[in-house]
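Below is one structure; the comments refer to it alone.
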Amino acid sequence: LALVVVVLAASVLSVGVCRRLGLPSLLGYLTVGMLLGPQAFKLIPDSAQARAIAEYGIVFLMFSIGLEFSLKRLQAMRSMVFGLGAAQVATTALGTALVTALVYGQGWKGGLAVGLAVAMSSTAIVARMLSERLDLHSRSGRQTMGVLLFQDLAVAPCLILLPALAAPGGELLRSLSIAALQAAAVLALLIWAGKQLMGRIFDAAARIRSNELLVLTTLWIVVGLSFLTAYNGLSMAL
């Protein structure tokens, strides 16, 4: 509880200053994290509790961003997502991997791991900035979100690939296959549940006409699905 109070107090102060100066509020949150974290004033320890709070913050932020999109909109943006987005990830990852391998003498596994990391951006940060600027649905905003959405989709394969790269050479294919099947099963279940069950659950909650029930239902779904993905070795924010 003390940790939450410290974070909220610092956030109120920093966001107020940023808004007075005409700066994005996200800059205030980042400043608070850097100053209070274990690398500066050390008011927030590098603990499991702090990481859990931070990760759930990303979970709820990704949920709010997800409300702006749907599978239909993703299909309508498929040329941007799978064209522009795939080109960005592939070009950045391969270019970084070549530099890592040729300049720093790393093996192809290390180069690929670094390349995939460099190719990723923070959807949470960029989408929040676009939303604050009311630029989320402009042409440039849609192109940016197309790239970011592909990066989000690529997170699952990357989360599968990176641990498998640490396996011995003879077990690489086996580790990769097991992880791929596990991730595919979880994602297929989430997509099926989203299409088949979410609408019915929210319709049932809405018919009771209780704001509290609707909020509790939303919290239950968000926390439950993040637990499900984390339990199966994937990112909670996924």
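The values are calculated or read from the model by the stated rules, or taken from the named source; none is laboratory data. Being a predicted model, the structure only gives us computed values, none of them experimental. Virtual Cβ from ideal backbone geometry, glycine too; neighbours counted across all protein chains shown. Remember, those area values only see protein heavy atoms, side chains included, never the ligands or the DNA or RNA. Shrake-Rupley method; radii C 1.70, N 1.55, O 1.52, S 1.80 Å.
List the helices (runs of 4 or more DSSP H) inside region 119-238, counting only whole elements, that have at least 1 residues being under 18 Å from Arg73 (Cα atoms).
On the way: elements: 123-132, 139-165, 172-193, 199-207, 211-231.
Where helices (runs of 4 or more DSSP H) fall fully within region 119-238 and carry at least 1 residues being under 18 Å from Arg73 (Cα atoms), they are 123-132, 139-165, 172-193, 199-207.
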Notebook entry, point to check: Which condition does Met120 not pass, out of (1) under 30 Å from Val99 (Cα atoms); (2) out of contact with any helix residue (DSSP H, G or I) (no Cβ under 9 Å at 6 or more places or on another chain), if it passes all the others?
Noted result: (2)
Next item on the list: Select from region 39-77 the residues that are part of a loop (DSSP other than H, G, I, E, B) and among the aromatic types (Phe, Trp, Tyr) and write down the one among them that is farthest from the chain's Cα centre (by Cα).
Entry: Phe41
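For region 79-90, enumerate the residues that are exposed (fewer than 13 other Cβ atoms within 10 Å of the Cβ) and at pLDDT below 90.
Narrowing region 79-90 to residues exposed (fewer than 13 other Cβ atoms within 10 Å of the Cβ): 79, 87.
Scanning region 79-90 gives a single hit, Ser79.
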Check: Could you say which residue among Arg73, Arg20 is surrounded by 11 or more Cβ atoms within 10 Å (Cβ to Cβ), charged (D, E, K, R) and without any contact (Cβ under 8 Å) to a residue 24 or more places away in the chain?
Finding: Arg73
Margin query: Restricting to region 151-172, count the residues that are open to solvent by less than 40 Å² (accessible area, probe 1.4 Å) and under 20 Å from Ser122 (Cβ atoms).
Written below: 4
Margin query: Among the listed residues Ala93, Ala117, Ala127, Ala97, identify the single one that is open to solvent by less than 30 Å² (accessible area, probe 1.4 Å) and within 17 Å of the chain's Cα centre (by Cα).
Written below: Ala127
Margin query: Filter region 167-184 down to the residues that are more than 19 Å from the chain's Cα centre (by Cα) and free of Cβ contacts under 8 Å to residues at least 12 places away in the same chain and list them by number.
Written below: Ala167, Pro168, Gly169, Gly170, Glu171, Leu172, Leu173, Arg174, Ser177, Ile178, Leu181
